[in-house]
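Engineer: The structure under discussion is supplied below as structure tokens; questions concerning it will follow.
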Amino acid sequence: IWPKHIAEQWVKDGTFREKWTVEAINNKELVGLGPFIPVEYVPDQYIRAVRNPYYWKKDAEGNQLPYLDEFVFKILPDQNAIKLAFENGEIDIYGVTAKFYPEIKAKAKEKNWIVGTGGPTFGTTFITFNWNHADPAKRSWFRNEYFRKAVAYAMDKEAMIDTLLAGLGVAQWGPVSVLSPFYNEDALRKYPYDLDYARMMLELGGFSWDKDGNLIDADGNKVEFILSTNAGNTVREGMCNIIREALGKLGMKVTFVPLDFNLLVNKMLNTTDWEAIVIGLTGSDEPQGGRNVWSQKGTLHFWNYHPDAAPGKQIDPEIYEAPDWELEIDRIFAENIKILDQKKVYEMFSRFQELASEHLPLIYTVQQLYLYAHKADLNITDPNAFGGMLWTLPWIYWKK
């Protein structure tokens with residue numbers, strides 16, 4: 001629902017996308033139905049929102065919500081900066097990373113914090129490859145299903161959980177969260193860490209090894225590629241190093257190059273100038289929310305953009321290929337939205353999970369449990385993986 005008195009003319013003259021931007025925040029032109037209204041945006045510093053006096057909800061006693069007068073979202077460069085800001089009292093809530101959880105938990109009583117943990121969250125982290133790379137040799141490797149299965153078998157998820165998540169994580173095997181009613185573990189193919197199996201997959205894929213132990217393809221090309229993730233994300237950087245080391249044991253030369261997040265995403269979404277990336281996606285209990293990722297012409301179908309849909313770049317139709325299973329996933333997402341029978345929807349999403357885990361366009365890693373911390377004086381009800389700490393934002397208040 002858009003505010004007619006502000007947005008009507010923009011819609012009529014076709015300028016809505018140009019007007020409804022971050023600049024509209026500082027121009028005091030953003031309004032809505034939520035409990036807070038954004039009024040100030042300072043790039044790389046913060047977004048400030050103030051109480052909406054016309055918010056439609058009231059509490060049980062009839063008091064106007066929200067309770068807080070102002071809500072500020074600070075923009076910080078990395079997890080170390082976020083942790084330091086919380087410890088110094090500069091921010092009031094903190095989505096703790098597993099690396100820092102034991103330390104934050106140990107300080108909770110002294111610092112008057114409430115620190116807790118929950119089950120798995122909705123997000124995913126994975127490694128993916130560029131199927132449309134300009135180099136035909138690399139393009140051939142990345143499209144080779146046996147190559148991707150070898151990478152999956154080389155994924156030491158237990159090491160990732162123990163060393164990167166302080167034991168506070170679970171292995172991921174597919175695109176649907178275990179919290180979703182559509183999750184079907186029986187539909188998933190799993191790939192336990194096994195380098196011997198990985199070698200067998202490579203042999204089935206037409207690869208072999210030269211006298212020096214380097215992995216080579218059928219044309220004698222050494223398998224070498226660049227692996228990137230967003231710099232400063234220590235968990236993902238750690239994953240990349242574990243993956244690089246394991247693939248090195250298989251004879252691959254993997255060069256790890258962390259990149260600024262914006263540069264990484266721009267490369268991935270707007271160019272073909274990337275090879276392998278570890279990154280993540282948010283999720284929900286409804287798999288259909290991932291249609292832009294899994295549809296053949298989806299805007300986030302980054303591993304194999306369709307030539308007609310590739311944003312900001314050109315995919316050569318002469319080299320583009322879409323395997324049958326990818327087209328089947330596309331049909332599942334196109335048809336599922338029309339179906340009301342939940343049993344049928346469950347069956348279709350089960351098939352989706354089967355196809356995604358069998359053919360591995362995205363090779364999943366591990367998932368941190370939901371971890372949180374906040375000042376004890378801040379009354380927050382039931383933080384959880386479904387809504388985080390702010391799902392009850394209108395009812396949050398300071399106890400003193």
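Engineer: Regarding region 19-30, can at least one residue be identified that is modelled with pLDDT of 90 or more and not in a helix (DSSP H, G or I)?
Structural biologist: No: region 19-30 contains no residue that is modelled with pLDDT of 90 or more and not in a helix (DSSP H, G or I).
Engineer: Just need a number here: residues in region 218-260 that are in contact (Cβ under 8 Å) with a residue 24 or more places away in the chain, outside any loop (DSSP other than H, G, I, E, B) and of a type in the set (S, T, N, Q). Walk me through how you get there before you give the answer.
Structural biologist: First, pick out the residues of region 218-260 that are in contact (Cβ under 8 Å) with a residue 24 or more places away in the chain: 219, 221-236, 238-240, 242-243, 246-247, 249-260.
Among the residues that remain, those that are also outside any loop (DSSP other than H, G, I, E, B) are: 222, 224-228, 230, 234-236, 238-240, 242-243, 246-247, 249, 253-256, 259.
Right, trim to of a type in the set (S, T, N, Q) and you get 228, 230, 234, 255.
Total satisfying the criteria: 4.
Engineer: I'd like to verify a number: residues in region 1-15 that are surrounded by 12 or more Cβ atoms within 10 Å (Cβ to Cβ) and charged (D, E, K, R), how many?
Structural biologist: Residues meeting the conditions: 1.
Engineer: Hey, another quick one. What is the one condition in (1) at pLDDT below 95; (2) in contact with a Leu (Cβ under 7 Å, 6 or more places away or on another chain); (3) closer than 21 Å to Asn130 by Cβ that Ser357 does not satisfy?
Structural biologist: Answer for Ser357: the failing condition is (1).
Engineer: To continue, here is another question. Can you confirm whether Ile25 is surrounded by 14 or more Cβ atoms within 10 Å (Cβ to Cβ) and either of a type in the set (Asp, Glu) or out of contact with any Pro (no Cβ under 7 Å at 6 or more places or on another chain) (or both)?
Structural biologist: Working: surrounded by 14 or more Cβ atoms within 10 Å (Cβ to Cβ): yes; either of a type in the set (Asp, Glu) or out of contact with any Pro (no Cβ under 7 Å at 6 or more places or on another chain) (or both): no.
For Ile25, the condition - surrounded by 14 or more Cβ atoms within 10 Å (Cβ to Cβ) and either of a type in the set (Asp, Glu) or out of contact with any Pro (no Cβ under 7 Å at 6 or more places or on another chain) (or both) - is not met.
Residues are listed down the side, and each one gets a yes or a no for (1) of a type outside the set (A, V, I, L, M, F, W, C); (2) over 30 Å from Asn233 (Cβ atoms); (3) in contact with a strand residue (DSSP E or B) (Cβ under 7 Å, 6 or more places away or on another chain):
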| residue | (1), (2), (3) |
| --- | --- |
| Leu327 | no, yes, no |
| Ile337 | no, yes, no |
| Glu358 | yes, no, no |
| Leu362 | no, no, yes |
| Pro383 | yes, no, yes |
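Engineer: For Phe386, state whether it is more than 23 Å from Phe302 (Cα to Cα) and outside any strand (DSSP E or B). Lay out the reasoning, then the answer.
Structural biologist: Working: more than 23 Å from Phe302 (Cα to Cα): yes; outside any strand (DSSP E or B): yes.
For Phe386, the condition - more than 23 Å from Phe302 (Cα to Cα) and outside any strand (DSSP E or B) - is met.
Engineer: For region 261-353, give me every one of the helices (runs of 4 or more DSSP H) that falls completely inside it and has 3 or more residues that are without any contact (Cβ under 8 Å) to a residue 60 or more places away in the chain and surrounded by 14 or more Cβ atoms within 10 Å (Cβ to Cβ).
Structural biologist: Details: elements: 261-270, 291-294, 324-336.
Correct list: 261-270, 324-336.
The values are calculated or read from the model by the stated rules, or taken from the named source; none is laboratory data. Everything numeric in this text was worked out from a predicted model, so none of it was measured. Every residue, glycine as well, gets a Cβ built from its backbone with ideal geometry; the counts of neighbours run over all protein chains shown.
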